[in-house]
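Chemist: Below is one structure. I have some questions about it.
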């Protein structure tokens, strides 16, 4: 098994880094960065990245895990803000999925050219 190193010393055991002087567990991955309220949710997201998933896959996995380990912190009715860069196309997408919307609002209405 390849040893993973982290800045400032410490060891990585099963994907969770441990260091005596920190307040939270850190999850280390060589292919990306994950930040979550709960280290188990971050570990799930890191596993998705390790298996070839992208940042969106990892974010969805982390949110699903948060629904199990910390349901009071996320879930249906929450807000979502995202900025996604597609390296292949060079496109940058922004998403603001917060607040209320009309009950009659459909994807077709949003696609109309006003």
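Chemist: Using the number of other C-beta atoms within 10 angstrom as an exposure proxy, rank 49, 40, 105 with the fewest first.
Modeler: Exposure proxy ranking, most exposed first: 105, 40, 49.
Chemist: Take 33, 46 and order them by how many other Cβ atoms sit within 10 Å, fewest up front.
Modeler: Starting with the residue having the fewest Cβ neighbours, the order is 33, 46.
All of the numbers you see were taken from the coordinates with simple rules; none came from a lab. Predicted model, so just to flag it, every value in this text is computed and none were measured. With ideal geometry, Cβ positions are generated from the backbone for all residues, glycine too; neighbour counts draw on all protein chains shown.
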